[in-house]
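Nothing in this text is a laboratory measurement; each read-out follows from the coordinates by a stated rule. Predicted model only: the values in this text are computed from it and were never measured. Every residue, glycine as well, gets a Cβ built from its backbone with ideal geometry; the counts of neighbours run over all protein chains shown.
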Amino acid sequence: MHMADALVSPAVGGTLWAASAALTFYSARAVRRQAREALIPLMGVMGAFVFAAQMINVAIPGTGSSGHLGGGLMLAILLGPQAAFLVMASILAVQALFFADGGLLALGCNIFNLGFFGAFVAYPLVYRPVAGDGASAKRCSLAALLASIVALQLGALGVVIETVASGITELRFSTFALLMQPIHLAVGVIEGLATAAVIAFVRRARPEVLLVVPWPVSRGSNRLLFGGLLAATLLVGGVLSWFASSHPDGLEWSIFKLTGGEELALPDDSLHQQLASLQERSAVLPDYSFQSAEAEAEADEAQAWPAVSAGTTVSGMVGGALTLCLACAIGFILRWQGSSRRAAG
Amino acid sequence: MNASALEVSDLRFAYPDGTLALREVSFRVSPGEAVGIVGANGAGKSTLLLHLNGCLAPQRGSIHIAGEQLDSASLKSVRRRVGLVFQDPDDQLFMPSVEEDVAFGPLQAGLPMEEVERRVVGALQEVGLLHCRTRPPYRLSAGEKRAAALASVLALSPSVLVMDEPSTHLDPRARRRLIELLGALAQTRLIATHDLELVVEVCSRVLVLSEGRIVADGPTRSVLNDEPLMLAHGLERPHILQHHHPHRD
Amino acid sequence: MRAESRWLELGQMDDAARMDSAVHRLDPRAKILVTLAFLVVVMSFSRYTLSALTPLLFYPLVLIALSRVPLLPLARKLVWAAPFALLVGAFNPLFDREPMLHLGGWTISGGWISFANIGIRFILTVSAALVLIATTGMHRLCAGMERLAVPRVLVAQMLFLYRYLFVVSGEGSRMVRAAQLRAGASALSLRVYGTLVGMLLLRSLDRAERVHQAMLARGFEGSLRRLDAHSFGWREAAFVLGWLSFFAVARVWNLATLLGSAAMRAGG
């Protein structure tokens with residue numbers, strides 16, 4: 001599931017962009033170090049393969065539902081985690097640009113949710129240990145299934161945390177998580193079965209394909225680098241959140257709570273959130289009312305509102321409508337001019 | 001020896017699984033000559049072609065291009081002189097637009113921009129594709145794809161052109177254009193194909209490959225007219241030679 | 001079938017990107033920078049903002065108009081991409097029932113306003129991304145990214161990914177069609193699926209190998225050199241500065257409210 005631009009606050013979007021960018025630089029370095037020049041066309045064509053495979057549906061026996069390959073795990077098995085991460089990042093970028101899946105600001109979130117967890121968590125920590133040396137078909141299938149479930153659960157949790165931390169929707173953590181996690185358990189099972197089926201075929205047809213995975217590459221220095229990048233990400237997140245909290249009205253960075261992500265996991269946190277959203281709403285009022293009405297509004301919202309709405313709201317609506325008309329009109333004029341110039345020339 | 005554009009001597013190659021793809025293959029090609037390479041599926045045609053510009057390294061025997069032996073030291077210069085046109089143009093047209101694809105080789109060779117531009121225009125003109133310059137490869141017809149793949153190789157101004165199945169998937173008109181184009185080129189040409197009519201029209205000489213060996217090497221008409229030889233190696237005598245064409249002889 | 005029409009759309013975007021206009025000719029870096037700035041500005045508005053966001057629509061609309069890319073395919077994409085954002089946003093009116101606006105006899109809760117806000121944000125951000133790709137195209141975008149210090153490995157393989165999307169998906173859909181003709185179902189059974197997608201995978205691996213050979217055959221030595229005629233000149237500088245100042249003005253002042261009150265004053 002893709003995070004959407006419209007649901008992401010700049011702080012959350014920015015932090016995850018930083019995290020994904022750091023992972024991208026790390027992965028690009030690692031891939032360059034492998035010095036397999038054949039890897040570049042291979043990565044590209046495999047990315048195209050995942051894209052194509054995502055359009056082919058598999059029926060899940062006995063349920064009447066269908067699904068498809070996720071791709072991240074498959075790529076990690078074939079290319080190794082770093083190359084797989086880069087390919088997933090490109091796939092998501094193409095989807096964001098061409099199909100408007102997600103969007104550019106949420107791209108960082110999506111790369112993290114769908115790339116990082118599959119390539120750097122589910123693959124090395126679940127798939128590899130369970131699959132072992134790949135000699136047993138059953139273990140490979142089980143590994144694919146488990147790793148897909150883990151990747152999808154973590155990815156869904158990522159979506160939930162990022163959405164709630166962005167604070168653009170009213171969904172509470174517990175509600176949203178209860179909605180997302182079971183759905184993605186089902187999706188994870190389907191993806192796992194699909195991946196296992198493909199791996200089973202490849203094992204029979206051309207087993208050597210599954211064995212070429214350069215991992216890990218010179219562990220020590222990479223770990224250091226990895227740690228450094230992680231620290232940098234946290235720093236960026238921290239700076240952004242500080243910026244958010246110190247400029248509450250200027251840029252209204254919404255409720256940035258990424259650093260307090262664990263707190264959000266507690267279900268009894270909802271009161272705190274309600275308070276936060278109330279507080280936030282009052283902070284937003286300047287956008288909608290005359291500056292003088294702000295104090296009134298904070299003092300007594302219910303009473304202050306009619307006074308506020310009379311002036312600003314109407315002018316806002318009229319102005320909004322006028323702006324839209326104007327924008328469209330300018331658009332038409334420019335286009336008309338352009339085409340008449342073209343016709344004349 | 002220096003008179004030959006290409007000389008292959010005693011070439012042998014076995015795939016990792018033990019399949020012997022080429023055994024004791026030897027032949028010479030003179031500059032400007034057009035040579036057809038025919039043979040049944042799996043006869044070793046593609047393997048031979050991949051050797052000619054170093055995509056595969058000979059396990060035994062040697063390859064000389066205009067007198068220079070192909071080895072890791074000469075690989076770069078040989079690749080610039082031997083242009084390989086792949087069977088599936090989609091494998092070869094890997095860049096986002098026709099012009100970028102044609103420019104790929106010259107850019108890799110480090111030529112200056114004006115020279116790259118000159119080569120791109122020249123090569124596209126030669127194959128009649130200048131109007132498709134900015135098109136992406138998937139917006140080309142099968143015939144245009146072939147022509148673009150050929151242009152991408154011509155842009156390197158190779159002295160030897162090696163082509164793998166240039167006429168597959170072409171409709172009759174596109175195939176006719178290709179034949180005219182191939183016939184008009186000045187380069188030394190090696191064309192591996194099942195299209196025996198094309199060989200008759202373009203090549204003066206033909207090699208018959210069977211199970212990794214050259215079983216016949218001679219003038220196109222006399223070799224392809226040898227019905228027992230053709231049938232013995234999974235081929236047949238082309239129709240074009242079975243009846244008299246007054247304006248072709 | 002949705003999947004196939006998606007490819008058609010990809011082609012439409014590509015055609016749009018190969019048109020020629022002042023916007024198309026700009027250095028891709030300028031468009032990337034402005035798009036990013038635009039997104040950040042849109043994001044920075046609070047979730048109850050409505051009217052102040054509307055002036056930002058000028059950006060995608062003016063670019064579409066100047067570049068003359070067709071509007072309809074872009075609009076269709078907007079509609080298709082909408083469900084997830086709107087679905088999640090649709091909870092807002094349910095949970096946030098605090099009255100926020102009174103208009104005549106109507107009371108509008110904060111939830112409805114933030115829901116509408118999500119809708120506007122969605123239109124703005126998605127259309128900005130679509131306009132970027134429709135006026136730039138994948139390969140120029142990649143060239144721009146490379147010059148903006150995005151790792152070369154990523155950019156190079158992204159070009160290959162884009163190039164072979166069409167080829168591999170064409171192969172895939174032919175295989176699926178062949179399987180469906182025999183099986184008669186729209187989704188494949190797990191076993192058939194494994195074989196079919198596995199075959200597609202092996203074919204793709206072989207293709208990657210052949211592509212690599214084709215690259216080597218033309219002198220590839222590890223780094224992709226490309227034609228790139230763009231340069232960051234005064235046009236680009238003007239484009240970036242102009243839009244950034246417009247965004248700044250629209251961020252600081254609510255232009256729509258100003259316009260509205262001016263119009264009302266003028267009207268009576």
| task | Quick one: give the max-minus-min coordinate of the C-alpha atoms of chain B along each principal axis, largest first, in Å. | result | 53, 47, 37
| remark: Counting other chain Cβ atoms within 10 Å of each Cβ in A:169-176 and taking the mean gives 5
| query | Based only on Cα atoms, what Rg/Rh ratio does the range B:139-249 have, Rh being taken as Kirkwood's radius? | reply | 0.98
| Taking the alpha-carbon set of the range B:141-206, what are its Rg and Dmax in Å? | 11.1, 30
| Using alpha-carbon coordinates, inclination of helix C:71-89 to the longest axis of chain C, degrees | 70
| message | If I model the range C:177-221 as equal point scatterers sitting on the Cα atoms and use the Debye formula, what is log10 I(q)/I(0) at q = 0.19, 0.21, 0.24 Å⁻¹? | response | -0.64, -0.70, -0.80
| task | Work out the charge dipole of the range A:44-180 with +1 on the Cβ of Lys and Arg and -1 on the Cβ of Asp and Glu about the Cα centre, then indicate which of A:Val130, A:Leu73, A:Leu178 is farthest towards its positive end. | result | A:Val130
| Highest to lowest packing among A:47-56, B:55-64, scored as the average C-beta count within 10 Å | A:47-56, B:55-64
| task | Determine, at each q value in 0.16, 0.17, 0.19, 0.20 (inverse angstroms), the log₁₀ of I(q)/I(0) that the Debye formula gives when each Cα of the range A:79-201 is one equal point scatterer. | result | -0.82, -0.91, -1.07, -1.15
| Sorted peptide list for B:197-203, A:7-13, criterion being average Cβ within 10 angstrom, highest first | A:7-13, B:197-203
| query | Going by alpha carbons, how many degrees (0 to 90, nearest 10) lie between the helix axis of C:255-267 and the longest principal axis of chain C? | reply | 40
| If you count, for every residue in B:32-43, the Cβ atoms of partner chains within 10 Å of its Cβ, what is the mean? | 0
| request: Report the trypsin sites (Lys or Arg not before Pro) located in the range B:130-209 that are in a DSSP loop and have at most 15 other Cβ atoms inside 10 Å of their Cβ, or state none. | output: B:Arg133
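Using the Cα centre as the reference, give the magnitude of the dipole from point charges on the C-beta atoms of the range C:152-226 (Lys, Arg: +1; Asp, Glu: -1; all else neutral), rounded to the nearest 20 debye.
Working: 12 positive and 4 negative charges, 34 e Å.
Approximately 160 debye in magnitude.
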| task | Normalise the Debye intensity by I(0) for chain C, one equal point scatterer per Cα, no solvent, then take log10 at q = 0.08, 0.12, 0.14 Å⁻¹ and round to two decimals. | result | -0.49, -0.95, -1.14
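For B:Leu196, what charge total do you get from the other residues with a beta carbon under 9 Å from its beta carbon, if Lys and Arg give +1 and Asp and Glu give -1?
Charge balance in the 9 Å sphere: -2.
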| remark: From fewest to most C-beta neighbours within 10 Å, the residues B:Thr220, C:Thr107 line up as C:Thr107, B:Thr220
| said: Can you give me the angle between helix C:152-183 and the longest principal axis of chain C, using Cα atoms only, in degrees from 0 to 90, rounded to the nearest 10? | reply: 70
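The range C:152-226: D in µm²/s via Stokes-Einstein (Kirkwood Rh, Cα pairs, 10 °C, 1.306 mPa s)? Each step should come with its number before you reach the end.
Working: Rh = 14.3 Å.
It comes out at roughly 111 µm²/s.
Quick one: putting +1 on the C-beta of Lys and Arg, -1 on the C-beta of Asp and Glu, what dipole do you get for chain C around its Cα centre, in Debye to the nearest 20?
Its charge dipole is roughly 400 debye.
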| field | Inter-chain Cβ neighbour average for residues C:171-182, partner chain, 10 Å | value | 2
| request: Excluding residues on the same chain fewer than 8 positions from C:Lys31, give the lysines whose Cα lies under 23 Å from its Cα. | output: C:Lys77
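Based on the mean of other beta carbon atoms within 10 Å per residue, what is the order of A:99-107, A:131-139, most packed first?
Packing order, densest peptide first, comes out as A:99-107, A:131-139.
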